[in-house]
Amino acid sequence: MNINDLQLIVDINTNNKLQQSVNQFESLLRELRKKTLPETLVGAINKMIEEINGVTSEKQLQKVIKKRQFSLIQLLEKEVKIVPKYYYRNLWMALGMSAFGIPMGVIFGLSLKNMAFVGIGLPIGMAIGIAVGNAKDKKAFDEGRQLDIVIK
């Protein structure tokens, strides 16, 4: 089974943002066509494409493409561990800031008896998260599980 093409009803040439979203989604589909995917996953992708193809308004198309792209990337990561470039870096940057940065900032603030230092922990946590994410991205690249596309 092959991954279907986008056949949009809506004219995307009038809206620049929409055109960029559609082009990014099509690039993602092109990259996925290069990989061998299980039939169930290809069926789920085709169902998402059918939903996108059925949209009739520009505003709704923008929302549906973003939503389906996000769910497609999550599905790929969960099912076959395939991720786009910088996926883990972006994920772990946020996790590092919240899981490491805020507690470290509170510790700095309490130890220095000035809670204005809470913000110091955020860049430290962000750096830790980026380092962990980059290591995971490198591992995914080395194992051939990384798509040659950056999701914005």
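Within region 27-51, restricting attention to residues that are without any contact (Cβ under 8 Å) to a residue 40 or more places away in the chain and acidic (Asp, Glu), which residue is farthest from ARG145 (Cα to Cα)? My answer is GLU51.
The residues of region 88-119 that are over 19 Å from ALA131 (Cβ atoms), surrounded by fewer than 15 Cβ atoms within 10 Å (Cβ to Cβ) and touching a residue at least 12 places away in the same chain (Cβ under 8 Å), listed by number, are VAL106, ILE107, GLY119.
Look at region 120-145: where a residue is under 25 Å from MET104 (Cα atoms) and a partner is surrounded by fewer than 14 Cβ atoms within 10 Å (Cβ to Cβ) and of a type outside the set (Gly, Ala, Ser), sitting 6+ places away or on another chain with Cβ atoms under 8 Å, you get GLY121/PRO103. Contact map, region 63-87: first residue over 16 Å from GLU50 (Cα atoms), second residue among the small types (Gly, Ala, Ser), Cβ cut-off under 8 Å, separation 6 or more or different chains; pairs are LEU75/ALA44; LYS81/ALA140; VAL83/ALA140; TYR86/GLY133; TYR87/ALA140. Condition (residue is outside any helix (DSSP H, G or I) and more than 13 Å from the chain's Cα centre (by Cα)) applied to region 59-80: is it met by at least one residue? Yes; the residues of region 59-80 include at least one that is outside any helix (DSSP H, G or I) and more than 13 Å from the chain's Cα centre (by Cα).
Would you check which residues across region 136-152 are modelled with pLDDT of 95 or more, surrounded by fewer than 18 Cβ atoms within 10 Å (Cβ to Cβ) and touching a helix residue (DSSP H, G or I) at 6+ places or on another chain (Cβ under 8 Å) and list them? The answer is LYS136, and nothing else. Of all residues in region 1-46, exactly one satisfies the criterion of being within 16 Å of GLN62 (Cβ to Cβ), among the charged types (D, E, K, R) and surrounded by 11 or more Cβ atoms within 10 Å (Cβ to Cβ), namely GLU26. Of all residue pairs spaced 6 or more apart or on separate chains, those with beta-carbon atoms under 7 Å, a first member in region 15-26 that is within 16 Å of ASN53 (Cβ to Cβ) and a second member that is assigned to a helix (DSSP H, G or I) and among the β-branched types (Val, Ile, Thr) are SER21/ILE65; VAL22/ILE65; PHE25/ILE65.
The values are calculated or read from the model by the stated rules, or taken from the named source; none is laboratory data. All values derive from a computational prediction rather than experimental measurement. Cβ: placed from backbone, ideal geometry, glycine included. Neighbour counts: every protein chain shown.
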